[in-house]
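Below is one structure, written out as structure tokens, with a few remarks after it.
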């Protein structure tokens with residue numbers, strides 16, 4: 001053997017390429033990052049490649065120069081691929097691993113239609129992650145399914161007469177490998193509802209502008225049939241619309257934001273979603289630090305699950321939420337050091353008191369400010385109160401991960417609530433609101449529970465929360481009497497349970513109050529004394545409302561979060577910081593551009609609208625204006641705006657379908673861009 005061959009053989013025998021993970025399982029739509037370690041050679045770099053096993057059919061997917069593997073959209077046969085890492089210094093030094101591929105997680109976002117008749121009909125199921133052999137299940141029973149695309153299936157369904165009026169769950173199951181079913185709750189109703197309407201069409205639509213993300217035909221008819229109170233009762237028992245599990249997503253919050261809008265347009269739990277958003281905005285919106293699904297999804301679920309619960313429990317869940325704790329420095333908040341160099345962080349203590357619950361000054365039961373004998377506002381607490389609340393909040397850190405040892409500052413863990421580390425908690429006596437004391441020597445949990453009990457019992461909380469919920473859902477300028485009635489529901493719990501803080505009772509008081517319902521029977525705008533009654537439509541509520549009025553179809557590929565973020569002012573999308581709550585020329589242009597994109601179908605494949613009802617009457621400007629009034633203004637449209645819409649339609653010639661569509665789009669654009677629509681009355 002020559003010396004060169006001997007040296008090569010020796011090097012070959014010593015060179016080793018190790019790849020991790022060594023036998024991964026990857027779902028379509030996800031990716032896996034490989035890493036390679038080279039030993040026995042000076043050059044440590046590798047070249048990545050991917051291919052099918054011998055006899056395999058289909059595509060293997062792709063792998064980047066850095067080792068990031070992405071499966072193909074359709075599984076190959078068999079459902080395995082080979083990933084190889086080869087030393088760039090020696091081709092014979094390589095390692096190959098087998099990657100097992102699985103079908104994606106199916107997600108059901110919506111159905112068309114949203115109700116089915118008793119008997120046979122065809123149902124279109126929208127969502128994502130569908131594969132050719134996917135099957136639709138209606139109320140747990142598999143039905144004949146046709147694959148259209150990864151985001152759409154059609155199914156032959158057969159509802160029965162005894163099911164009339166029922167809501168049936170629609171799920172999708174993908175087959176093996178990795179067979180799994182959708183976990184969200186999307187339903188269709190059997191029948192349309194029949195029976196005498198308890199409220200008018202306009203009143204039902206106006207109610208849903210306040211209680212939900214606007215009306216669509218199904219929800220409007222349901223409110224008409226049940227009436228306001230019974231509709232709320234039904235909604236209180238409706239299952240939550242799902243958010244995707246963070247573990248199924250990559251680092252981007254875009255899929256979570258997209259699902260927010262899919263739920264807002266199609267979710268059956270409209271009142272829960274709207275209440276959850278209102279409460280979230282009262283607590284400052286989504287934390288600025290919630291920039292990944294792992295952070296954002298648990299935070300959103302806190303409000304989704306607490307929307308109809310008790311405010312005291314919600315207050316606790318918000319406080320110990322990991323994303324909230326990260327933003328406001330509750331996690332890893334250290335007790336004071338002996339030398340005074342370290343002091344407890346006051347960020348959350350200050351926000352909790354000033355903006356979330358009590359407010360800076362004392363209030364009367366109707367929300368008016370209490371004044372002292374000199375006519376000055378009376379402070380609700382002192383700076384020392386804030387410092388003592390900060391002491392209460394010491395000693396909390398991220399929950400300990402499985403297999404780890406609890407530490408003073410645990411590494412980030414967003415799946416679970418914050419947990420106490422007692423050695424880092426300030427155990428001194430604390431003097432809180434109204435001089436109420438927490439005794440020395442208590443645990444972090446005891447101090448937090450005691451402090452939140454004190455906040456919850458404070459007389460400011462009821463009017464403070466009442467005014468903010470009214471402003472979120474009904475009007476920025478409620479009367480003092482309206483605030484007092486809602487505050488009384490918080491205090492006395494209007495459901496008869498006698499439990500302070502029942503959010504269902506509070507929500508009923510907000511939405512069913514005589515002041516909220518005063519405009520239901522309106523004829524033409526304006527109504528004396530109510531010209532300023534209402535509030536600015538935040539973009540994250542207005543966009544779903546417009547789409548629901550258009551009976552749009554939205555799936556999880558939508559880019560509505562980007563559209564809404566550009567529209568300001570007002571809170572935009574979960575996971576984005578809220579822009580300032582004021583309107584100027586730039587914000588107006590952004591809002592007009594967003595409305596234009598909605599109406600002129602510039603939203604991509606994730607949103608589809610049907611202007612058919614408006615196009616059908618576009619040949620008659622008067623009929624077109626009346627239809628727009630019915631759907632978006634609930635009969636409030638002033639005569640001047642109706643005249644303007646008629647002029648817009650009449651000024652565009654032509655009788656072709658395209659020309660009628662152009663007239664409908666122009667009239668809708670003028671109406672929805674108007675100041676009257678941008679303020680919800």
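A few remarks follow.
- Estimated distance in nm for a label pair at residue 229 and residue 401, the labels positioned 7 Å out from Cα along Cα-to-Cβ: 5.3 nm
- Antiparallel bridges, percent of DSSP beta bridges restricted to the chain (to nearest 5): 90 percent
- The equivalent ellipsoid that matches the C-alpha gyration tensor of segment 103-192 spans semi-axes of 22, 11, 11 angstrom, in descending order.
- Here the average projected area of the convex hull drawn through the C-alpha atoms of segment 3-102 stands at 6.5 nm².
- Footprinting exposure proxy ranking of 221, 563, fewest other C-beta atoms within 10 angstrom first, gives 221, 563.
- FRET efficiency estimate (nearest 0.05) - Cβ-Cβ, residue 181 to residue 147, R0 25 angstrom: 0.95
- Cα gyration tensor shape for segment 439-504, rounded if a/c is under 1.5, else prolate or oblate: prolate
- Cα gyration tensor shape for segment 121-164, rounded if a/c is under 1.5, else prolate or oblate: prolate
- Whether segment 133-277 is rounded, prolate or oblate, judged on the alpha carbon gyration tensor where a/c under 1.5 counts as rounded: oblate
- Paired Rg and Dmax values of segment 333-457, which use every Cα atom, in angstrom: 16.7, 61
- Applying 1/(1 + (r/R0)^6) with R0 = 41 Å to the Cβ-Cβ distance of residue 643 and residue 602 gives a FRET efficiency near 0.90.
- A simple spin-label model places the labels of residue 200 and residue 77 6.3 nm from each other, with each point 7 Å out along Cα-to-Cβ.
- Calculated [222 nm] ellipticity per residue, helices only, for the chain: -10500 deg cm²/dmol; basis is -39500 (n - 2.57) per DSSP H run with n ≥ 4, divided by all residues, nearest 500.
- Using 0.36 nm per residue and subtracting the Cα-Cα separation, the extra length available between residue 536 and residue 164 on full extension is 130.0 nm.
- Put simply, when 485-492, 379-386 are sorted by average Cβ atoms within 10 angstrom per residue, most first, you get 485-492, 379-386.
- In terms of surrounding Cβ atoms within a 10 Å radius of their Cβ, 370, 660, 430, 335 rank from fewest to most as 370, 335, 660, 430.
- Gain on full extension, evaluated as 0.36 nm per residue between residue 428 and residue 446 minus their Cα-Cα distance, stands at 5.2 nm.
- Ranked for footprinting exposure by Cβ neighbours inside 10 Å, fewest first, 22, 674, 477 give 22, 477, 674.
- Euclidean distance between Cα centres, segment 591-619 to segment 389-417, Å: 48 Å
- Separation between Cα centres of segment 11-74 and segment 310-349, rounded to whole Å: 44 Å
- Cα centroid separation, segment 237-285 to segment 159-190 (Å): 20 Å
Here, each number is a calculation from the coordinates, and none is a lab measurement. Everything numeric in this text was worked out from a predicted model, so none of it was measured. As a convention, Cβ positions derive from the backbone with ideal geometry for all residues, glycine included, and neighbour counts pool all protein chains shown.
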